[in-house]
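Worksheet: the structure to be examined is printed underneath.
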Amino acid sequence: MAAFEPKRLTDYSVESIIAEIQRVASLFPGEGVIIVADFMKLARMSRETITKHFGSVEAGFVAAGIGHRYNKSRINSRISKRPIRGRTDEDLIAELRSVAKTLGRSCFTQVECDEVSQFRATSIASRFKGWKNAMKKGGLDVSPTGKRYTDEECYENLLNVWLHYGRQPNYDEMDESPSLIPAGTYKHRWKRWTKAVHAFVGRMNNDAEEVEESVTSETHERPSESDGTPKRKSVPVEDRRKVPPGLRWKVASRDGLAL
């Protein structure tokens, strides 16, 4: 996590906790369910903190207005997966459709499937001789890797992972938390992982320059106080939480975290 962002909340009021729940939820694309274990890895508070104030993590999600994104499945552990022996193809197809409904999207990866399915995704893929075939059998989308995410989403995700490690992540680390977009997406989009990294760095540096120019221009145009210092502009609280990626990258570079 970046040095300029506290690892833990400094204010544990109900309002601050709700704001933190909403902030972390915004890091997960779409409106599908969020795995609590993944959520807590990115949160600046403990599970106990949420439970203490709301009674449970689910209640905390509800208070934050994202109750529909709480994963109620109790079959998240790989150890508890059921064998598919004795299950018909129709059973497995129905399971895939159930996963799609739970995640809130018709296109998902085997890793995402494992988070909520009662069966191992690899077992389902083996039954149908491939994951794509399994998805097609279920009438689900089989979009080419990388097409489900915009360039902006890929850059934002890479920035979050980069700041998490305090260095450039390697290819395999993009398939692990806190990354929300698989490594294959970057390889498919930019043909090579190194090209994806170069594109990202170029974009972040460009955005950082634009942010700096914008701030400089705004400072020059803003009315001055009696002592000659620029008047401070009042910024809504909700806007303060939306730090532009370019600015985050600029600060990280200054603190030696974008190496």
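Numbers at a glance
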| item | result |
| --- | --- |
| In the range 26-61, the residues that are in a helix (DSSP H, G or I) and surrounded by fewer than 14 Cβ atoms within 10 Å (Cβ to Cβ) | ALA37, LYS41, GLU48, LYS52 |
| ASP172 being closer than 22 Å to VAL111 by Cβ and at pLDDT below 85 | yes |
| Hits in the range 187-207 - residues which are over 13 Å from LEU159 (Cα atoms) and either in contact with a helix residue (DSSP H, G or I) (Cβ under 6 Å, 6 or more places away or on another chain) or in a helix (DSSP H, G or I) (or both) | LYS187, HIS188, ARG189, TRP190, TRP193, THR194, LYS195, ASN206 |
| Residue satisfying condition, being closer than 19 Å to ALA25 by Cα and modelled with pLDDT of 85 or more, within set TYR149, TYR155 | TYR155 |
| Search result, residues across the range 38-63 that are of a type in the set (A, V, I, L, M, F, W, C) and closer than 16 Å to THR102 by Cβ | PHE39, PHE61 |
| Single unsatisfied condition, ALA208 versus (1) of a type in the set (A, V, I, L, M); (2) modelled with pLDDT of 65 or more; (3) under 20 Å from the mean Cα position of the chain (by Cα) | (3) |
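The values are calculated or read from the model by the stated rules, or taken from the named source; none is laboratory data. If you're wondering where the values come from, they're calculated on a predicted model, not measured in any experiment. All Cβ positions, even for glycine, are placed from backbone atoms using ideal geometry, and neighbour counts span all protein chains on display.
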